[in-house]
Amino acid sequence: MLNFTATGLAHWFVMIGFGALLGTLVTAYFQLTNPAWTLPLIGHFVGYELFVEFIAAATGVGIVTLIGIRQFTRVFRKGRKSRFVIKKLITLRQLFWQLSFALSHFAA
């Protein structure tokens, strides 16, 4: 995320967005019972509202960018099917040996 590439900036905006938009979740929760409720002190502050709008838009663009990058690399990098293939094979091998050990010791 410290690289100033499209991927790094998209990850940064998504990470900041999930934390910074906590105020909108709190506002939405309390507006279920009182539609006029706002955050104390900063609820109607224009700077906060502009910040929230910018971060929300940047987070949305970042998520769409990361989805596009993932789909692009999935289609055009045929050599690597999945980064989890080795882990799945190791896990299946371990599962096989554990099952064979359990069956040989407990079935006798």
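Each reported figure results from applying straightforward, stated rules to the coordinates on display, with no laboratory input. Computed from a predicted structure; not experimentally measured. Every residue, glycine as well, gets a Cβ built from its backbone with ideal geometry; the counts of neighbours run over all protein chains shown.
Exposure proxy shown here: for Thr38, Thr59, Thr33, Thr5, the number of other Cβ atoms within 10 Å sets the order, fewest to most, as Thr33, Thr5, Thr38, Thr59.
Could you work out how much longer the chain between Tyr48 and Phe30 gets when fully extended? Use 0.36 nm per residue separation minus the Cα distance between them, nm to one decimal.
Here the segment from Tyr48 to Phe30 would lengthen by 4.7 nm.
As a proxy for reagent exposure, Val46, Val64, Val14 were ordered by neighbouring Cβ count within 10 angstrom, fewest first; the result is Val46, Val64, Val14.
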